Amino acid sequence: MDRSPTSTDAPTFPSIVGLAALQDLDMLLEGISDLIVQRQICRQVMDARRKLLGTEHPATLEAEARLAAISLGVDEYSTARDQYAILLERCERVFGPRHLDTLSAAHGLAVALSYLDRPEEARPLYERVVSGRRNSLGVEDPATLSALHNLGLTQRALAEDASARTTFESLLEAQRKTLGEDSIATIRTMANLGSVLIAIEDYERACQVLAERVELSRKVLGPSHPDTLEAMLSQGRALVGAGEPDAGRVLSEKALAETISVLGANSAATLAARGQHGRLLLRMGGATAAADAVTVYDDLYRRLKIKFGLEDTSTLDALAGLADALGRCGDHARARKLDEQLLEMRRRVLGPDHVATQWALGDLAWNLEQLGELTDSAGRFRELCEDRLRTLGPEAPDTVWALEGLARVLVSAESHAEALQALHDLYETQTRVVGPEADEPLTTLERYARELTKVGELEMARARWQELVHAHERNHGPKHERTLECLLMLAEIHEMLEEHASARLIYERIAGPYGPLHAESRDKAGQDDPRTIHLGFNLGLTMERLGQLEPARAMYLIVMGSLVRTLGPRHRRVADVLFRLGDVFFKLGDFAEARGRYAQALVLLRKQPGLEDPDALEILAHDADAVAARGHPLAARNQARDVADVYRRTLGPDNALTKRAEAHVALLTPPRRPR
């Protein structure tokens with residue numbers, strides 16, 4: 001922001017009274033560089049002019065404007081804000097809202113508000129000044145450019161990056177014409193524009209701007225100037241974003257090494273460069289870069305802790321980078337401990353509503369999720385949602401991220417009622433932000449429909465799956481894998497509603513496309529690729545439903561082998577495959593083998609989500625059929641009755657799953673013998 005330099009000069013001066021106060025103010029202050037002394041003179045001039053001319057005379061307002069500018073120069077921002085607010089009101093009365101003196105007062109007030117960290121109040125003032133000065137002075141006048149610069153910084157502070165880009169592009173174009181490409185101001189505008197372009201992920205344009213900035217900085221400032229080295233670091237980040245990670249990393253490492261050589265290992269610029277290089281490594285992704293980021297941030301954290309203390313914001317930022325890097329390396333336990341420490345300190349230093357505090361809370365929630373501590377993770381995500389809804393609003397990207405995390409964890413924890421509400425809230429938000437046909441809300445709607453199925457809201461689930469089928473057919477076509485999956489789930493609902501003919505029509509429709517999709521994924525990505533596994537499971541289920549039992553069994557065994565290799569033998573998804581294998585063996589008449597597979601699945605579900613979860617109850621119901629088939633009708637009936645009792649207690653007597661379970665009990669109940 002625009003400010004004046006201070007000095008330690010403090011000459012003596014005579015009192016200024018009467019007509020002497022009407023002298024030119026610049027002449028009165030000539031040769032006096034000390035702002036405190038200037039302020040004393042201006043106060044005398046202002047007091048005298050008020051007596052001679054009145055409070056709203058232009059000459060009096062000139063002295064008030066100089067006093068307010070001095071307050072800014074000596075870092076008394078609250079005083080400057082109050083002075084400029086009064087001055088602006090008077091200038092509007094005396095000169096009108098569009099007068100240049102009025103606009104100068106508005107600009108001074110905006111600068112004071114910026115220094116007080118109130119950008120939301122400063123922005124409309126800057127916009128007013130830019131508009132007024134453009135009309136009065138032209139777009140290339142230095143005063144217009146100064147206001148445009150400050151407007152861009154304010155938009156950046158408010159995360160209004162698209163607007164900031166427009167502002168800085170306009171500023172850069174005007175500075176090229178008026179100041180030339182070699183101007184320091186032009187070069188620094190390139191830096192600001194480059195940062196905004198990186199933020200909005202327009203990496204191609206960022207690379208262009210920052211490459212030019214590096215070249216000009218080398219030419220104007222020299223190859224080892226701090227601004228040149230900082231420009232190289234930014235260009236490295238842009239290159240990584242543009243898909244050139246190796247080139248970006250090499251440039252960043254070169255800039256960091258040169259910064260250390262020129263400025264020393266612990267200079268402020270070097271410490272900032274270490275932080276930028278750490279962020280670049282995190283942006284690269286991958287285990288190797290994340291491990292290198294751990295080394296960078298661990299070293300940076302130790303240096304900052306020694307230099308500035310544990311609770312300095314830069315130290316806390318380095319600690320956050322270390323926690324982030326550890327989490328990406330899979331060391332979630334250590335990352336969790338650092339996140340807890342970071343959260344406590346940021347709450348104390350920055351307050352609970354600061355964006356950095358909320359980031360720490362979100363990272364802690366994510367690491368808890370990775371550790372499988374889903375209840376604690378859900379609690380943290382819920383807290384984060386409440387904080388961001390209050391401070392950022394429901395449609396801010398960071399709020400949506402928190403809502404997604406909460407819904408995801410509740411689904412993983414199989415807390416079905418809470419998951420339904422969280423998914424509903426997320427879907428409504430995503431629909432408002434990106435529209436109902438975008439991938440994000442459709443994915444959320446799929447998860448919502450699955451939860452509806454699990455809690456027995458079968459009619460509602462059927463409507464959602466039908467809606468999804470139509471949406472994916474419009475967006476992707478009838479043979480796209482997302483369309484096929486929604487059709488498969490719709491067919492499963494038909495099965496649960498005893499609408500077997502409708503279900504079979506769907507299975508016959510999707511069986512053909514599923515085979516080639518699975519084969520293509522297997523050949524390109526491998527048998528253990530997550531997409532291949534998912535397509536294989538769906539293909540196996542389709543073949544099973546069509547009575548192709550041996551091919552289905554073979555596919556399920558392949559899928560289970562991949563899941564065991566990639567996720568481990570006790571993973572939740574292994575239980576799903578064991579359940580389906582049990583059904584295949586049951587249909588093949590091997591009831592003992594079917595019971596064995598059901599038992600294995602139940603062992604995996606016993607701890608999480610528990611044997612009262614709808615998925616576990618469904619397996620128990622199928623196992624009851626196997627018990628009956630092995631000649632134990634009373635035991636089968638009792639097991640089916642236990643299942644119905646749990647549904648009745650957890651979902652209510654009128655729930656579709658409860659009624660389905662009761663019908664199953666009746667089916668397994670032996671007929672009474674006639675007396």
Next on the checklist: Quick check: pseudo-label points 7 Å beyond the Cα along Cα→Cβ at Ala511 and Gln208, how many nm apart are they?
Outcome noted: 5.5 nm
Checklist entry - Which whole-Hz couplings ³J(HN,Hα) result when phi for each residue of region 297-313 is put into the Karplus expression 6.51 cos²θ - 1.76 cosθ + 1.60, θ = phi - 60°, listed in order with x for Gly and Pro? => result 6, 5, 5, 4, 4, 5, 5, 5, 4, 5, 7, 10, x, 5, 9, 5, 4
Checklist entry - Say each of Ile200 and Ser502 gets a label point 7 Å from the Cα, pointing the same way as Cα to Cβ; how far apart are those two points in nm? => result 4.8 nm
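Probe of 1.4 angstrom, ligands and nucleic acids ignored: what's the accessible area per residue over the chain, in square angstrom? Don't jump to the answer; show the numbers that get you there.
Numbers: 31230 Å² over 675 residues.
Each residue of the chain exposes 46 Å² on average to a 1.4 Å probe.
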Next on the checklist: What does the net charge come to around Ile184 if you take all other residues with beta carbon closer than 13 Å to its beta carbon, with K and R at +1 and D and E at -1?
Outcome noted: 0
Checklist entry - In percent, what relative contact order does the chain have, based on Cα pairs under 8 Å that are 6 or more apart in sequence? => result 4 percent
Next on the checklist: For Leu88, what accessible surface area do you get with a 1.4 Å probe? Give it in Å², rounded to 10.
Outcome noted: 20 Å²
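So what is Rg over Rh here for the chain, counting just Cα atoms and using Kirkwood for Rh?
In the chain, Rg relative to Rh is 1.12.
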Item to check | Accessible surface of region 60-167 [probe 1.4 Å, protein heavy atoms]: carbon and sulfur percent | outcome: 49 percent
Checklist outcome for this item: Note to self, the chain gives a 222 nm [θ] from helices alone (DSSP H runs n ≥ 4, -39500 (n - 2.57) apiece, / all residues, nearest 500) of -26500 deg cm²/dmol
Next on the checklist: So the label point goes 7 Å from the Cα of Gln341 along Cα→C-beta, right? Which residues of region 255-299 then have their backbone N under 14 Å from it?
Outcome noted: 297-299
Item to check | For region 387-392, 3J(HN,Hα) per residue [Karplus equation, 6.51 cos²θ - 1.76 cosθ + 1.60, θ = phi - 60°, Hz, x = Gly/Pro] | outcome: 5, 6, 4, 6, 9, 10
Checklist entry - Once amide H atoms are built 1.01 Å from N in the peptide plane, which residues 5 or more positions from Leu371, or in another chain, come under 5 Å H to H? => result none
Item to check | Dipole-positive endmost among Ala211, Met232, Gly264 within region 185-269 (Cβ charges, Cα centre) | outcome: Gly264
Checklist entry - Expressed as a whole percentage, what fraction of the accessible surface of region 236-367 belongs to carbon and sulfur atoms when a 1.4 Å probe is rolled over the protein heavy atoms? => result 54 percent
Checklist entry - Carbon-plus-sulfur fraction of the accessible area of region 505-623, 1.4 Å probe, in percent? => result 57 percent
Item to check | Percent of Cα pairs exceeding the 20 Å cut-off, where the set is region 124-190 | outcome: 21 percent
Item to check | Relative contact order (%) - region 428-510, alpha-carbon pairs under 8 angstrom, separation at least six | outcome: 21 percent
Item to check | Paired Rg and Dmax values of region 534-610, which use every Cα atom, in angstrom | outcome: 11.9, 33
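The values are calculated or read from the model by the stated rules, or taken from the named source; none is laboratory data. What you see is a predicted model, and the numbers here were worked out from it, not measured in a lab. Every residue, glycine as well, gets a Cβ built from its backbone with ideal geometry; the counts of neighbours run over all protein chains shown. Surface accessibility is based on the protein's heavy atoms, side chains included, excluding ligands, DNA and RNA. Shrake-Rupley method; radii C 1.70, N 1.55, O 1.52, S 1.80 Å.
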